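Okay, structure first, notes after.
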Amino acid sequence: MALDAVTLSQLIDTVQRFVQKRLVPLEAQVAREDRIPTEIIDEMKEMGMFGMTIPEAYGGLGLNTVEECLVVMQLGETSPVFRSVIGTNNGIGSQGLVMDGTEAQKQHYLPKMASGEIVGAFALTEPEAGSDAGSLTTSAVQTEQGFILKGTKRIITNAPSAQLFTVFARTDSNLKGARGVSAFLVDADTPGIDLGPPVKKMGQQGAHVCDVIFTDCRVPESAILGGIEMLNKGFLTAMKTLDRGRLHISALSVGCADRLIRDSLNYAMERKQFGQAIAEFQLIQAMLADSKTESYAARCMVLDAAKRRDEGERVTTLASCCKLFSTEMVGRVADRAVQIHGGAGYMEEYGIERFYRDVRLFRIYEGTSQIQQTLIARNMIKDAS
Ligand SMILES: Cc1cc2nc3c(=O)[nH]c(=O)nc-3n(C[C@H](O)[C@H](O)[C@H](O)COP(=O)(O)OP(=O)(O)OC[C@H]3O[C@@H](n4cnc5c(N)ncnc54)[C@H](O)[C@@H]3O)c2cc1C
């Protein structure tokens with residue numbers, strides 16, 4: 001159910017104030033120390049930010065897709081690392097459970113995820129299965145007591161702080177590709193789980209990823225997400241989760257673009273060369289105008305697709321269109337922001353180069369741009385046949 005207009009506007013104002021007053025001043029420190037201060041995480045918990053998309057019945061804010069996108073656009077106005085810390089609980093770490101979990105599973109996990117007491121992570125990617133996630137080889141062998149998980153998951157966001165993994169594993173080796181894969185809810189303290197060493201990344205310092213290794217990790221049958229009737233159907237859960245997740249990343253890209261455009265405009269109006277503000281030069285104006293136009297186009301796309309999803313439409317193709325356009329768009333906007341700032345854009349002090357590195361990730365995870373293109377075209381051909 002949608003929030004009333006006043007409550008939604010109050011929520012957006014609160015997030016905007018939090019971003020501007022608390023998060024923006026900490027951007028450089030978080031990048032330097034590779035750590036978000038505990039008090040910031042506690043404030044996010046108090047604001048309900050870990051459970052924005054979790055239904056109210058389970059202690060969350062129950063935002064619909066449009067509302068989520070509007071809030072995430074505000075969060076995009078600061079380093080995306082702050083969004084990353086709440087990202088899995090609102091997206092890939094919780095939505096499978098929200099959409100396909102049994103009532104008992106929802107009661108057990110969702111209230112703790114909504115409060116931020118536990119962090120959820122989504123473990124799909126493997127060393128040899130990235131874009132081709134359907135070829136995953138992590139196995140879940142059925143025994144009389146449940147299942148035994150074996151395999152390695154790679155680059156798993158928030159794995160070092162997670163208490164719950166949604167693990168995708170092959171339960172039927174006779175079925176090829178995405179069929180024969182099930183999703184399991186696995187507590188991080190289950191014996192047989194090891195975390196790989198810390199991984200150094202290109203950007204988003206303060207958000208952590210690592211491998212998750214399963215060695216004879218025993219889980220009961222009740223750990224199958226959605227119960228035994230979801231055996232071998234875990235990939236459907238993963239794909240539905242990604243539809244919403246891709247709109248979330250698209251909204252985040254719009255927010256980051258707006259921040260970069262504002263910083264670029266301010267800089268261009270202040271910086272003088274040849275006796276005048278560089279904003280007076282038409283070649284600078286062209287970059288500003290292109291960035292503004294593309295960011296506006298992405299905003300319209302994201303809100304349209306989000307509205308359609310809230311109305312019950314299947315938005316797989318549109319979510320891919322949004323992710324493809326918005327994430328590529330913010331890459332171009334970040335590149336122009338560096339250019340408009342000149343040498344300052346390349347210097348750590350101004351934070352523009354940090355954003356440039358941070359937003360680069362959006363074109364890679366939750367399906368690369370090439371995978372979005374492939375998906376969009378495949379669905380177009382399917383619909384036309
Ligand atoms: C910081 C970070 C966090 C992540 N967090 C998570 C997480 O929480 N959970 C999780 O499960 N995964 C996570 N991932 C993994 C991410 O989803 C994968 O990196 C991504 O899906 C791409 O897979 P890959 O890295 O194996 O690249 P590959 O699949 O090897 O792709 C390499 C290149 O080949 C291209 N390519 C591949 N197939 C095709 C094709 N059919 N047509 C055209 N081009 C193709 C790709 O577009 C890319 O350009 C994360 C990754 C990063 C970097």
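Which of the following residues is away from the ligand (no atom under 13 Å from the Cβ) and within 22 Å of ALA207 (Cβ to Cβ): SER326, SER385?
Within the list SER326, SER385, the selection yields SER326.
So if I check each of LEU252, LEU265, LEU318, LEU288, which one is touching a Pro at 6+ places or on another chain (Cβ under 9 Å) and among the aliphatic types (A, V, I, L, M)?
Working: LEU265 fails: touching a Pro at 6+ places or on another chain (Cβ under 9 Å); LEU318 fails: touching a Pro at 6+ places or on another chain (Cβ under 9 Å); LEU288 fails: touching a Pro at 6+ places or on another chain (Cβ under 9 Å).
That would be LEU252, the only listed residue that is touching a Pro at 6+ places or on another chain (Cβ under 9 Å) and among the aliphatic types (A, V, I, L, M).
Only residues that are under 30 Å from ILE40 (Cα atoms) and of a type in the set (Gly, Ala, Ser): list them for region 179-223, please.
Listed by number, the residues that qualify are ALA188, GLY196, GLY203, GLY206, ALA207.
Working carefully through the options GLY134, GLY151, find the one that is more than 11 Å from the ligand (Cβ to nearest atom), in a helix (DSSP H, G or I) and open to solvent by less than 40 Å² (accessible area, probe 1.4 Å).
On the way: GLY151 fails: in a helix (DSSP H, G or I).
So the residue among GLY134, GLY151 that is more than 11 Å from the ligand (Cβ to nearest atom), in a helix (DSSP H, G or I) and open to solvent by less than 40 Å² (accessible area, probe 1.4 Å) is GLY134.
Scan region 224-234 and give yes if some residue there is in contact with a strand residue (DSSP E or B) (Cβ under 9 Å, 6 or more places away or on another chain), within 15 Å of the ligand (Cβ to nearest atom) and under 30 Å from ALA334 (Cα atoms), otherwise no. Steps first, answer last, please.
First pass over region 224-234, keeping only residues in contact with a strand residue (DSSP E or B) (Cβ under 9 Å, 6 or more places away or on another chain): 224-226, 230-234.
The next check asks that each one be within 15 Å of the ligand (Cβ to nearest atom); those that pass are 225, 234.
Okay, now just the ones that are also under 30 Å from ALA334 (Cα atoms), so none.
Within region 224-234 (the criterion being in contact with a strand residue (DSSP E or B) (Cβ under 9 Å, 6 or more places away or on another chain), within 15 Å of the ligand (Cβ to nearest atom) and under 30 Å from ALA334 (Cα atoms)), the answer is no, since none of the residues qualifies.
Just to be sure I understand the filter: pairs with C-beta atoms under 6 Å, separated by 6 or more residues or on different chains, first member in region 282-295 and under 18 Å from CYS322 (Cβ atoms), second member of a type in the set (Gly, Ala, Ser). Which pairs pass?
Sorted first by the residue in region 282-295, then by its partner, the pairs are SER295/ALA257.
Tell me yes or no: at least one residue of region 171-191 is in a strand (DSSP E or B), within 10 Å of the ligand (Cβ to nearest atom) and open to solvent by 10 Å² or more (accessible area, probe 1.4 Å).
Scanning region 171-191 turns up no residue that is in a strand (DSSP E or B), within 10 Å of the ligand (Cβ to nearest atom) and open to solvent by 10 Å² or more (accessible area, probe 1.4 Å).
For residues in region 115-125 being in a strand (DSSP E or B) and within 8 Å of the ligand (Cβ to nearest atom), which is farthest from VAL85 (Cα to Cα)?
The selected residue is ALA123.
What are the residues in region 197-212 that are within 13 Å of the ligand (Cβ to nearest atom) and part of a loop (DSSP other than H, G, I, E, B), if any?
Answer for region 197-212, where residues must be within 13 Å of the ligand (Cβ to nearest atom) and part of a loop (DSSP other than H, G, I, E, B): PRO198, VAL199, LYS200, LYS201, MET202, GLY203, GLN204, GLN205, GLY206, ALA207, HIS208.
Might you let me know whether region 303-312 holds any residue that is touching a Gly at 6+ places or on another chain (Cβ under 9 Å) and either more than 23 Å from ILE155 (Cα to Cα) or not aliphatic (A, V, I, L, M) (or both)?
no
Inside region 20-48, can you point out the residues that are surrounded by 13 or more Cβ atoms within 10 Å (Cβ to Cβ), touching a residue at least 60 places away in the same chain (Cβ under 8 Å) and assigned to a helix (DSSP H, G or I)?
Residues satisfying the conditions are GLU27, ALA28, VAL30, ALA31, ILE41, MET44, LYS45.
Give me a count of the residues in region 331-350 that are in contact with a Ser or Thr (Cβ under 8 Å, 6 or more places away or on another chain) and not charged (D, E, K, R).
The qualifying residues number 4.
The values are calculated or read from the model by the stated rules, or taken from the named source; none is laboratory data. Predicted model, so just to flag it, every value in this text is computed and none were measured. Because the Cβ atoms are built from the backbone with ideal geometry, glycine has one as well, and the counts that use them run over all protein chains shown. The protein model used for the area step is the full one, side chains on, heavy atoms only, and it has no ligands, DNA or RNA in it. Shrake-Rupley method; radii C 1.70, N 1.55, O 1.52, S 1.80 Å.
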